[in-house]
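Structure first, then comments.
The values are calculated or read from the model by the stated rules, or taken from the named source; none is laboratory data. In this text, all values refer to a predicted model and were calculated from it rather than measured experimentally. Note: ideal-geometry Cβ built from the backbone for every residue, glycine included; neighbour counts use all protein chains shown. The accessibility values were calculated without ligands, DNA or RNA, using every heavy atom of the protein model including side chains. Shrake-Rupley method; radii C 1.70, N 1.55, O 1.52, S 1.80 Å.
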Amino acid sequence: MASAVEAAGDRKPANLAKGDGRLPLATKLSYGLGEAAEGVKTATLETFLFFFYVQVVGLSGSLTGLALLIALVFDGITDPIIGNISDNFRSRLGRRHPFLYLAPVPLAICLFLLFSPPDTLSQWGLFAWLLGFTAVGRLMQSFYFVPHMALGAELSSDFKERVSVSGYRAMFAYIGRLTVLGLAFSLFFRPTEAFPNGQLNPDAYQPLALICGAIVIVVIFASALGTQRRAQEGYARGTANGSLATGSGGLIRNLLTAFRLKAFTIYFVAILISYVLGGVQAALNIHLNTYFWRLPPTGVQAVLVANVFGFMAGAFIARALAHRFDKKPVYVACVVFSVIVPAATIGLGLAGVIPLDDKGLLTVILATSTFVSGFIGGPAVVVAGAMLADVADAYHHRFRGRSEGFLFGASAFTRKASLGVGGAIAGVALDVIRFPRGVPVDAVPHEATVQLAVLYGPAMLIFTCISMSIMWAYPLSRQRHAEILADLEREERAATQGQ
């Protein structure tokens, strides 16, 4: 039995892949390229949107957070619906690709309009503008992101190869983020006489959003074209062996059955909490660097870019770590320690150990800290996607239906919750501590910046430990996943012989 299970660990269900399951480099590069669009979106919305509406446009933190939260509720409905539709969609292009071709242009338009609110709008007018285009933008993002994530699970079901696929996806996501951060601070947020802190310049955001939208269009179309053939081959095999004919069922049925699967329930709850906490930090990142650390724009850029480079470097060791220690312990350890590092740095700053007046030395210290934090957290980002692909196999094994689209739709909801719920929490928190809006850095009270730092660091660490204690109950080990693949392979072989 053990040898059969070990052998199954390197094989694929017949409807997913062929041969030894290894994917061509060109396929992984093409697939990963599509995630650059998600990286561009993440940097544009999660890094800049909250700051833009609160500090640049002047919308209250609570209304900004409320708009993002309502849009999230809408998104929470549409993500699994779109995933379920793509699971059951049939076309000559396959199940996922028609959605990939539909989404990029409307998504780019929404990105541009989000950063182009009319000057004459009142507080509630700004609220409606932010809510409307965030909701529509999220919908367009779902049409791309959910099928794209599901496609990654279908390219290969090999335990190690899935980590590799997830690694390419993460790498290009970071490249997308780096591109936006580089453009923003090097080109658009340059200090001027009127705006020494360039991120406070309202005229910088519209052209930045225009460039980001153009990048989104190019990379999504290139990725879809590059993975089209492989996806059609898998679609043809699934149709031939009958695994796609089982369907994934209706949305309500999928929702109820998914939460009967222990692996999915634990994964969903733990990841949701973790992403929300990360969203609070993302929303407050520029606030922290601008008002607590009081870095100039070049310093803010250096810190943000160092963090992304850290994530990219850490992603390269994800496969080796998962192979050595398995996915769950790698994920839990990396998430916790990646949050410990910034919390400890803030603690040293509050204690006066870190020199706050020497901005050059301070920038080096903070860039190093965020690089280390990113390096530790990088494997967690990669491993999380591979874990959910394993959950999709467990779902198929227990409930007899391929539902990658639905499961990744639910996962996409947790990732987007980082912007919605995280932004709502951040907005309310800023109003609770009465953090000033639209004022020079020197005009912000020291007490408010200290409260901001405590929220960003130590408070987030406590809740992160809680979420990871939940993840520790996740039941899918390498051994168990191999057993599931062995069972699926036997069933598909029997079904093929019986035809």
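From the coordinates of this entry, Cα extents along the principal axes in Å is computed, and it appears in (1) 127, 48, 42; (2) 76, 46, 38; (3) 78, 57, 40 under the label (2). The alpha-carbon of Lys262 sits under 15 angstrom from the alpha-carbons of these aspartates and glutamates, leaving out residues fewer than 8 places away in its chain: Asp390, Asp393.
Would you please classify the overall shape of region 84-162 from the alpha carbon gyration tensor, given that a ≥ b ≥ c denote the square roots of the eigenvalues, rounded means a/c under 1.5, and beyond that prolate means a/b larger than b/c while oblate covers the rest? Because a/c hits 1.5 or more and a/b exceeds b/c, region 84-162 counts as prolate.
Accessible area ranking (1.4 Å probe, heavy atoms, ligands and nucleic acids excluded), largest first, for Asp390, Asp119, Asp431, Asp326: Asp119, Asp431, Asp326, Asp390. Restricting to DSSP H runs of at least four residues, report the calculated mean residue ellipticity at 222 nm for the chain, -39500 (n - 2.57) per run over all residues, nearest 500 deg cm²/dmol. Computed mean residue ellipticity for the chain: -25000 deg cm²/dmol.
What you get for the chain, charging only the Cβ of Lys and Arg (+1) and of Asp and Glu (-1), is a dipole of about 1280 debye around the Cα centre. In this view, the solvent-accessible surface of Glu46, computed with a 1.4 Å probe and all protein chains in place, comes to about 30 Å². State whether region 129-196 is rounded, prolate or oblate according to the following rule on the C-alpha gyration tensor (a ≥ b ≥ c being the square roots of its eigenvalues): a/c under 1.5 gives rounded; otherwise a/b larger than b/c gives prolate, and the remaining case gives oblate. Oblate. Working from Cα pairs under 8 Å separated by at least six residues, relative contact order for the chain is 30 percent. Overall, the accessible surface of the chain at a probe of 1.4 angstrom is composed of carbon and sulfur to the extent of 68 percent.
For region 247-333, the C-alpha radius of gyration divided by 2.2 N^0.38 Å, with N the number of residues, is 1.56.
Report the FRET efficiency, 1/(1 + (r/R0)^6), for Ala494 and Arg398, where r is their Cβ-Cβ distance and R0 is 22 Å, rounded to 0.05.
The value I calculate is 0.80.
Computed from point charges on the beta carbon alone (+1 for Lys and Arg, -1 for Asp and Glu), the dipole magnitude for region 41-150 about its Cα centre is near 460 Debye. Using a probe of 1.4 angstrom and keeping all protein chains present, the accessible surface of the chain works out to 37 square angstrom per residue.
When His481, His446, His323 are compared by accessible area of protein heavy atoms, the largest-first order is His446, His323, His481, using a 1.4 Å probe. Each label point was placed 7 Å from the Cα along the Cα-to-Cβ direction; for Ala214 and Arg260 their separation is 5.2 nm. Projected label points at Val428 and Ala320, each 7 Å from Cα along the beta carbon direction, are separated by 4.4 nanometres.
Considering only Val73, Phe189, Ala224, and ranking their Cα positions along the charge dipole of the chain that arises from unit charges at the beta-carbon of Lys, Arg, Asp and Glu, the one farthest toward the positive end is Ala224.
Within 10 Å, count the other beta carbons around each residue, average over each peptide in 465-476, 23-34, and list them highest first.
Order by mean packing, descending: 23-34, 465-476.
Put +1 on the Cβ of every Lys and Arg and -1 on every Asp and Glu Cβ in the chain; which of Thr368, Pro24, Phe50 then has its Cα farthest towards the positive end of the dipole? Of the candidates, Pro24 comes out farthest on the positive side.
Let me know the shape class of region 21-124, please: from the alpha-carbon gyration tensor, a ≥ b ≥ c as square roots of the eigenvalues, rounded when a/c is under 1.5, otherwise prolate if a/b is greater than b/c, or oblate. Judged from the Cα gyration tensor, region 21-124 comes out prolate (a/c at least 1.5, a/b above b/c).
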